[in-house]
Amino acid sequence: MKTRKPAKIKESIWRRMFLFFNTAFLLAVGVSCLLPFVHMLAVSLSDKMAVSQNRVVFWPIDFTLKSYEFITQSNTFMNSLFNSVKRVGLGLAANLLLIVLTAYPLSHEKEQFHARGIYAWFFIITILFSGGMIPTYMVVRYTGLLDTLYSLVLPGAIPVFSMLVVMNFFRQLPKELQEAALIDGASYMDTLFRIILPVSLPALATVGLFSIVNHWNAWFDGMVYMNRETNYPLQTYLQTVIINPEHFFRNTTNLSSQAQSIVNAINVRTTKSAQLFLATIPVLVVYPFLQKYFTAGLVMGSVKG
């Protein structure tokens with residue numbers, strides 16, 4: 001005769017209830033995060049009269065692409081978009097290169113790199129203390145970097161937190177990999193680029209995602225270091241549009257005649273929503289490709305000190 005196990009049955013019921021409510025809660029949170037983007041997209045695709053009357057919620061009314069046509073023909077917006085693309089490309093390359101070249105020697109033991117502790121504290125202090133905005137501005141100014149793309153990349157060329165993640169990831173790799181390569185006659189640089197980096201994709205993808213998002217979303221440094229609007233990155237330009245939206249419509253001297261005719265079919269809200277939505281697309285496109293590496297790289301790079 002089989003004995004019943006009511007305790008296990010009761011535990012199973014509670015577990016199912018927990019999973020149900022947990023899933024429902026996370027789904028509600030996800031929808032609440034998604035709805036603002038849906039509303040913004042609906043506004044950008046709606047007629048200006050419907051937007052002015054606050055009739056647009058989550059679905060476009062009197063569907064139109066006039067706002068996107070106007071934006072794509074704006075020289076200022078396209079220049080800012082191109083500036084941000086250049087910044088992300090140069091910034092990502094500089095960040096990954098300097099992170100790897102810094103993290104690799106610091107990942108070795110003191111017996112192999114005697115000055116490891118000194119250099120490690122040198123970088124950790126930069127997390128605790130900062131030189132401040134004014135000294136940084138003076139350095140950028142007197143090095144001749146104002147109004148150049150390098151002023152947006154070089155001051156943050158080595159993100160220390162990302163470097164620590166990669167360093168800890170390197171320290172968790174089997175030491176036999178490097179020892180075998182060194183025995184076979186490979187140099188440290190050959191070992192790094194041919195042995196270590198190919199197995200470090202999770203960590204590199206994680207810090208690469210950090211770098212892309214940071215460079216793409218940064219706007220304050222563009223406001224500080226750029227004196228001409230034509231040199232603004234996209235987020236800095238969008239910040240000026242949000243603060244003073246009428247400025248975007250006043251600056252129509254460089255627009256084509258077709259774009260001039262579109263101005264009467266749009267308003268500030270539709271155009272601003274279209275710009276903000278376009279600015280979010282690159283991150284939304286890149287993130288799914290790096291997501292599978294993100295958790296593994298962050299967890300494995302933060303376990304061991």
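Just how far, in whole angstrom, is region 218-233 from region 94-153 if you go by their alpha carbon centroids?
One Cα centre to the other: 22 Å.
Over the C-alpha atoms of region 1-112, what are the Rg and the largest Cα-to-Cα span, Dmax, in Å?
My reading of the Cα-based Rg and Dmax gives 27.2, 83 Å.
In whole Hz and in residue order, list the ³J(HN,Hα) couplings for region 108-113 that follow from phi through the Karplus curve 6.51 cos²θ - 1.76 cosθ + 1.60, θ = phi - 60°; x for Gly and Pro.
Values, residue by residue: 7, 6, 5, 5, 8, 9 Hz.
I need the phi-derived Karplus couplings for region 65-81: 6.51 cos²θ - 1.76 cosθ + 1.60, θ = phi - 60°, integer Hz, Gly and Pro marked x.
10, 4, 5, 6, 5, 5, 5, 5, 9, 8, 4, 5, 5, 5, 4, 5, 4
I'd like to compare 223-232, 134-143: which one has the highest average count of other Cβ atoms within 10 Å, and what's the full order after that? All intermediate terms of the calculation are to be shown ahead of the outcome.
Values: 223-232: 15.6, 134-143: 13.0.
Highest-to-lowest ranking by the protection proxy: 223-232, 134-143.
Near LYS175, which aspartates and glutamates are there with a Cα under 20 Å away, not counting those fewer than 8 places off in the same chain?
Hits, sequence-local ones excluded: GLU109, GLU111, ASP184, ASP190.
Read-outs: derived from the displayed coordinates by stated rules, not from any lab. Predicted, not measured: the structure shown is a model, and the values here were computed from it. Ideal geometry is used to build each Cβ from the backbone, glycine not excepted, and the neighbour counts take in all protein chains shown.
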